[in-house]
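Peer 1: What follows is a single structure, and I will ask about it in a moment.
The values are calculated or read from the model by the stated rules, or taken from the named source; none is laboratory data. Every value quoted in this text rests on a predicted model; they were computed, and no experiment measured them. Neighbour counts run over all protein chains shown; Cβ positions are idealised from the backbone, glycine included. The protein model used for the area step is the full one, side chains on, heavy atoms only, and it has no ligands, DNA or RNA in it. Shrake-Rupley method; radii C 1.70, N 1.55, O 1.52, S 1.80 Å.
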Amino acid sequence: MTTFVIAGGGLAGAKGAEALRDQGFDGDIVLVADEQDRPYERPPLSKDFLQGKAERDSVFVHAPGWYAENNVDLRVGVSVTGIDRAAHQVTLSDGSTVEYSKLLLATGSSPREFPGAEDALHLRRIGDSERIKSAIANSARLIVIGAGWIGLEVTAAARNAGVEVTVLEAAKQPLLAAIGPEAAEVYADLHRANGVDLRLGVEVDQIGAKSVGLVDGTVVEADAVLVGIGATPNVALAKAAGLDVDNGVLVDASLRTSDPDIFAAGDIANAEHPLLGKRVRVEHWANALNQPAVAATGMLGGSATYDELPYFYTDQYDLGMEYIGDITGYDRVVFRGDKPGREFIAFWLKDNRVLAGMNVNVWDVVDPIKALIRSGKQVDPGKLTDLGIPLQEQ
């Protein structure tokens, strides 16, 4: 019997197993998950679940019985610790081994660590979210280090609960690397309007459980500290196995690694992108959701490529946003709608071609934005910002 092994029990791993069954694979599937819980989705951990708007059971990818019903051998509480490529065998943390015909790596990412911050809160797993939820419920003041997506979503949750929040960010704007200064100021204004003490361009020196010392000698105190300074891909397993690794596991457009029998999906996959013409590694939900189907096709001997544009979304206070594309190399940003009122679409352009779009409190526009990006055609920025001209007519 043919056996496919999936290393990683997050959304990408669960969707990999689902895709294999959907595409007709009737062999054995061993899904190795290092957490005690069955696979779950991570966006709710900093959104609805954190705010108490969603129950714990709602975050799981599949119902409890799905794995048995679909003959998926889900092994929780264990991890893949080694890959013997020559023998086509993986070693697990419980000492057992499993032979594989094909292997899917979906090991995800881990929060980037700050030296000496072991006592601070971090957010990656459901238990982390539960600890942060408890801290919010039992704190009057919270310090958040890092004004990225995770940091700002936790900040919004804490402010909605009446907690005073100080955000410490080294860059000159929140989300600067992700969306550039023109759009980042929207989020700076949003959080300040909601009472956040947003301190930009500050450098953290040391972190305790209830205080943070800055390089300039300032000490900020609170009841709890959250560190949200990004994530790093979990590539140690792939690297030890001799796979090509550089800012993730290098894969082609079919998500195949340098070993033809090993694929990678989700946060760790640094994939050749046929539309963008470069490698892309995206640490967002959409990749973990959609890449596994392409990997499954390749594992089954078929031909498929992953050419979905990077996509992510956020909900903070009364602001909902979707982003599609890649802003790298943009030379201009234009806004369609009411930017001060936070109801608009931002477009990043290069040579008047749309690279990316971000719709803020404007809905059902992702498809036309995606079409503009994919077309590669030049647009008239004046018409693009004219609300009287539909996006489909640009």
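Peer 1: Filter region 342-379 down to the residues that are of a type in the set (D, E, K, R) and within 17 Å of Ala184 (Cβ to Cβ) and list them by number.
Peer 2: Hit for region 342-379 is Arg342, nothing else.
Peer 1: Considering Arg75, Arg38, which residue is more than 22 Å from Asn287 (Cβ to Cβ), modelled with pLDDT of 95 or more and either open to solvent by 20 Å² or more (accessible area, probe 1.4 Å) or not aliphatic (A, V, I, L, M) (or both)?
Peer 2: So the residue among Arg75, Arg38 that is more than 22 Å from Asn287 (Cβ to Cβ), modelled with pLDDT of 95 or more and either open to solvent by 20 Å² or more (accessible area, probe 1.4 Å) or not aliphatic (A, V, I, L, M) (or both) is Arg75.
Peer 1: Can you pull out every residue in region 352-362 that is free of Cβ contacts under 8 Å to residues at least 40 places away in the same chain and either polar (S, T, N, Q) or open to solvent by 80 Å² or more (accessible area, probe 1.4 Å) (or both)?
Peer 2: Listed by number, the residues that qualify are Asn352, Arg353, Asn359.
Peer 1: I would also like to ask the following. Yes or no: region 280-292 includes at least one residue that is over 30 Å from Gly195 (Cβ atoms), open to solvent by less than 20 Å² (accessible area, probe 1.4 Å), touching a Pro at 6+ places or on another chain (Cβ under 8 Å) and in a loop (DSSP other than H, G, I, E, B).
Peer 2: yes
Peer 1: Okay, next question. Pull up region 231-251, narrow it to residues that are touching a residue at least 40 places away in the same chain (Cβ under 8 Å) and open to solvent by 40 Å² or more (accessible area, probe 1.4 Å), then point me to the one that is farthest from Ser139 (Cα to Cα).
Peer 2: So the residue we want is Gly242.
Peer 1: Restricting the search to region 275-324, which residues are within 17 Å of the chain's Cα centre (by Cα) and among the β-branched types (Val, Ile, Thr)?
Peer 2: Correct list: Val280, Val282, Thr314, Ile324.
Peer 1: Okay, moving on. Considering region 364-384 alone, what residues qualify as being closer than 28 Å to Ala193 by Cβ and either in contact with an Asp or Glu (Cβ under 8 Å, 6 or more places away or on another chain) or open to solvent by less than 50 Å² (accessible area, probe 1.4 Å) (or both)?
Peer 2: Result: Val365, Val366, Ile369, Leu384.
Peer 1: Can you find a residue that is part of a helix (DSSP H, G or I), over 15 Å from Ala296 (Cβ atoms) and in contact (Cβ under 8 Å) with a residue 60 or more places away in the chain anywhere in region 48-64?
Peer 2: Scanning region 48-64 turns up at least one residue that is part of a helix (DSSP H, G or I), over 15 Å from Ala296 (Cβ atoms) and in contact (Cβ under 8 Å) with a residue 60 or more places away in the chain.
Peer 1: Moving to a separate point now. Give the residues of region 5-32 that are of a type outside the set (D, E, K, R), surrounded by 24 or more Cβ atoms within 10 Å (Cβ to Cβ) and not in a loop (DSSP other than H, G, I, E, B), sorted by residue number.
Peer 2: Within region 5-32, Val5, Ile6, Ala7, Leu11, Ala12, Gly13, Ala14, Gly16, Ala17, Leu20, Leu31, Val32 qualify.
Peer 1: OK, next. In region 135-173, which residues are open to solvent by 40 Å² or more (accessible area, probe 1.4 Å) and under 15 Å from Ala222 (Cβ atoms)?
Peer 2: Correct list: Ala137, Asn138, Ala140, Arg141, Arg159, Ala161, Gly162, Glu164.
Peer 1: Got at least one residue in region 153-175 being small (Gly, Ala, Ser) and in contact with a Phe, Trp or Tyr (Cβ under 6 Å, 6 or more places away or on another chain)?
Peer 2: Looking for residues that are small (Gly, Ala, Ser) and in contact with a Phe, Trp or Tyr (Cβ under 6 Å, 6 or more places away or on another chain), one finds at least one in region 153-175, hence yes.
Peer 1: Continuing with the same structure: Quick one: would you say Gly108 is open to solvent by less than 20 Å² (accessible area, probe 1.4 Å), out of contact with any strand residue (DSSP E or B) (no Cβ under 7 Å at 6 or more places or on another chain) and closer than 19 Å to Glu18 by Cα?
Peer 2: Yes.
Peer 1: Looking at the structure I just gave you, is Val219 modelled with pLDDT of 95 or more and under 22 Å from Leu123 (Cβ atoms)?
Peer 2: Against the criterion (modelled with pLDDT of 95 or more and under 22 Å from Leu123 (Cβ atoms)), Val219 does not qualify.
Peer 1: Go through region 253-275 and give me each residue that's open to solvent by less than 10 Å² (accessible area, probe 1.4 Å) and among the β-branched types (Val, Ile, Thr).
Peer 2: Residues satisfying the conditions are Ile262, Ile268.
Peer 1: Please state which one of Arg38, Arg85, Arg21, Arg75 is within 21 Å of the chain's Cα centre (by Cα) and basic (Lys, Arg).
Peer 2: Arg38
Peer 1: If you don't mind, there's one more thing I want to ask. Report the residue count in region 385-394 for those that are loosely packed, with under 14 Cβ neighbours inside 10 Å and in a loop (DSSP other than H, G, I, E, B).
Peer 2: The total comes to 4.
Peer 1: If only one of Ser58, Ser93 is surrounded by fewer than 17 Cβ atoms within 10 Å (Cβ to Cβ) and either among the acidic types (Asp, Glu) or more than 23 Å from the chain's Cα centre (by Cα) (or both), which one is it?
Peer 2: Every option except Ser93 fails the conditions.
Okay, residues lined up against (1) modelled with pLDDT under 95; (2) touching a strand residue (DSSP E or B) at 6+ places or on another chain (Cβ under 8 Å); (3) hydrophobic (A, V, I, L, M, F, W, C); (4) on the phi > 0 side of the Ramachandran plot:
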position: Leu92; (1), (2), (3), (4): no, yes, yes, no
position: Val98; (1), (2), (3), (4): no, yes, yes, no
position: Arg112; (1), (2), (3), (4): yes, yes, no, no
position: Ile136; (1), (2), (3), (4): no, yes, yes, no
position: Ala140; (1), (2), (3), (4): no, yes, yes, no
position: Glu153; (1), (2), (3), (4): no, yes, no, no
position: Ala157; (1), (2), (3), (4): no, no, yes, no
position: Val167; (1), (2), (3), (4): no, yes, yes, no
position: Ala171; (1), (2), (3), (4): no, yes, yes, no
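Peer 1: With respect to Asp259, is the statement that it is touching a residue at least 12 places away in the same chain (Cβ under 8 Å) and in a helix (DSSP H, G or I) true?
Peer 2: no
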